[in-house]
1. Just name the residue that is farthest from B:Ala183 (Cα to Cα) out of those in segment A:304-343 that are out of contact with any strand residue (DSSP E or B) (no Cβ under 9 Å at 6 or more places or on another chain) and of a type in the set (S, T, N, Q).
2. So, in segment A:267-294, of the ones that are more than 7 Å from chain B (Cβ to nearest Cβ) and aliphatic (A, V, I, L, M), which residue ends up surrounded by the most Cβ atoms within 10 Å (Cβ to Cβ)?
3. Within segment A:178-192, is there a residue that is within 14 Å of another protein chain (Cβ to nearest Cβ), buried (at least 19 other Cβ atoms within 10 Å of the Cβ) and in contact with a helix residue (DSSP H, G or I) (Cβ under 8 Å, 6 or more places away or on another chain)?
4. I need every pair where a residue in segment B:175-186 that is facing chain A (nearest Cβ under 7 Å) has its Cβ under 9 Å from the Cβ of a residue that is β-branched (Val, Ile, Thr) and assigned to a helix (DSSP H, G or I), sequence separation at least 6 or different chains.
5. Among the strands (runs of 3 or more DSSP E) confined wholly to segment A:154-268, which include 3 or more residues that are closer than 26 Å to A:Val306 by Cα?
6. Would you check which residues across segment B:191-207 are touching a residue at least 60 places away in the same chain (Cβ under 8 Å) and within 12 Å of chain A (Cβ to nearest Cβ) and list them?
7. Assuming A:Phe330 fulfils every condition listed in (1) within 14 Å of chain B (Cβ to nearest Cβ); (2) buried (at least 20 other Cβ atoms within 10 Å of the Cβ) apart from one, which condition is it?
8. Among A:Lys248, A:Lys241, which is more than 20 Å from the chain's Cα centre (by Cα) and without any contact (Cβ under 8 Å) to a residue 60 or more places away in the chain?
Amino acid sequence: MEGEETYLELFLARCAAQDDLAPPRSPLLSPIVPYDVYIPNSSNPETTFNSQLEEVTETSGNFSSVDLSFLPDELTQEDKDQTLIRSKHETEENCKTKSWQSGLPLPSQQDVGLALNSSGGSNSHSHLHPGDADSAQPSPEKPLSLPLASITPMTPVTPVSECSGIVPQLQNIVSTVNLACKLDLKKIALHAKNAEYNPKRFAAVIMRIREPRTTALIFSSGKMVCTGAKSEELSRLAARKYARVVQKLGFPARFLDFKIQNMVGSCDVRFPIRLEGLVLTHQQFSSYEPELFPGLIYRMVKPRIVLLIFVSGKVVLTGAKERSEIYEAFENIYPILKGFKKT
Amino acid sequence: MNNTAASPMSTATSSSGRSTGKSVSFAAELQSMMFSLGDSRRPLHETAVLVEDVVHTQLINLLQQAAEVSQLRGARVISAEDLLFLIRKDKKKLRRLLKYMFFRDYKSKIVKGIDEDDLLEDKLSGSNNANKRQKIAQDFLNSIDQTGELLAMFEDDEIDEVKQERMERAERQTRIMDSAQYAEFCESRQLSFSKKASKFRDWLDCSSLEIKPNVVAMEILAYLAYETVAQLVDLALLVRQDMVTKAGDPFSHAISATFIQYHSSAESTAACGGEAHSDAIQPCHIREAVRRYSHKIGPLSPFTSAYRRNGMAFLAC
């Protein structure tokens, strides 16, 4: 996916330019978001930014073209925030570099992230935690093609030689949302397309949509679980689509407390790994029972992620609530895996 | 091969399978398994056949005892509880079994979270499957535990020495392998009786039993079969190591009489050279290992009635 290349470039740039970094940046500045990155040393920060901004407005515009106006309350408020922040962004663009260098946290930066995430409510802040490299990708259909080669990173990272250059791809996102109204599952199952309901087996309606390709479990209490999306935004979009379906059936559905519960990523280190060595030296974190499961289960403490490491070099990371945790976990494990490379 | 009275095989009451010409044989899989557990690159076929025999006999005996226990409590199937009951005496093995069961639960939980289809299937299956085995084990041990030592095992975090040794051996073995050999090794390691559940069931041949084991019990039996093979390999490697006379060993002149029977003269001269000429475990090693394991050495061993009653010491429990 082209969107992934952006993340790859981000990471490479982050590692490559680390040496340029004099003072360690405060965590608040660390979110490396394409739109928010300030390039004091770059040759043409302004033009890059302008092009970024254009992309931003364009993509945000695209997003609002999906008809969500029926969704009340907290969501329309967010639309207002979006427009407000976009203008703020433009005016503040010039003072960004100064404030960044002085080390002050910029509230607008976070707001921009908010807008670009187009996520309402407090849960969006979770996307902006330190190390969150790409909290803003409003619409995957519009990938960014920006020259990001000269972006200065904001966190002290491992030196170039140890940086993996591999970015895990997200495979599955599980999220929950509260539609905040009692639902008649039978009615939903009867009137909705692609809905299954078998009360004897399971007390929820299973609904599927094709774009984004996801599955939702809708409970009579109004709570809903959405699985199968490949990014946070897609998960949110899908959840909204399900909410709209429910609304169209006549229920007063809202969209409260959208929360990402689990994120699964995977990647390939491209060399075989000697798991016997790994399980011996990292005993307190790893379990390896090849008769039961061909992969080694590594429970990383910080961040709290479970990694499944296979002999072939494939790594699956799960248990993350944020994308940054997956990236961080992979960067932590990569040097360890290199140590057990099977030549 | 030696079939004197000293051999434990001849005292086994149930059929060994060799005479009945069993169609289901795990010999090929066992060869792979033994390689993954520490044997040479190509374990001997005779050794595999012998190991298969030992494992089969022990499992049948175990099943019969489990059936008795099951009948005692009036159940219709042999379940995990009965097997846990039989293992209760040996703390280390019990703990290893518990860890295995927990790992199975944990692994299903994780794999479920990864694939959305698995997640749905699990939800649809209705019952709460998370930590199913752990609950069974915990409930059961709770009911039979008088002194609290069994329940203490759930919190016990001691290092399992046997497992540690196996891990170290595997690490040593794999360190010198190249990429292709290592791939083969990994495949061998993944072999287990639980992977071939239907073949295992046929091989076990529970038709003579009145009470049959249920699903979880079959899982445990597959695990116990694997444990038996692992124990046999561990012990056989020790026996083989013993056979090599080391310089400076004060007891080298005091080898037991039964020991010498299993030695071929060719082997002993080669062994004295310091390096065994054949890397593979020989059937004689296995036999010696089983003999030593069953033979309770100690001042009161002739009078220990419990040992007599079983007739065969279980390697897995």
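The values are calculated or read from the model by the stated rules, or taken from the named source; none is laboratory data. Nothing here was measured: the structure is a model prediction, and the numbers come from that model. Neighbour counts run over all protein chains shown; Cβ positions are idealised from the backbone, glycine included.
1. A:Ser324
2. The selected residue is A:Leu275.
3. The answer is no, given that none of the residues of segment A:178-192 is within 14 Å of another protein chain (Cβ to nearest Cβ), buried (at least 19 other Cβ atoms within 10 Å of the Cβ) and in contact with a helix residue (DSSP H, G or I) (Cβ under 8 Å, 6 or more places away or on another chain).
4. Close Cβ pairs satisfying both conditions: B:Tyr182/B:Thr174; B:Cys186/B:Thr174.
5. Here the list reads A:169-178, A:214-219, A:223-229, A:256-268.
6. Passing the criteria: B:Leu191, B:Ser192, B:Phe193, B:Lys196.
7. Status for A:Phe330: all satisfied but (1).
8. Matching residue, one of A:Lys248, A:Lys241: A:Lys248.
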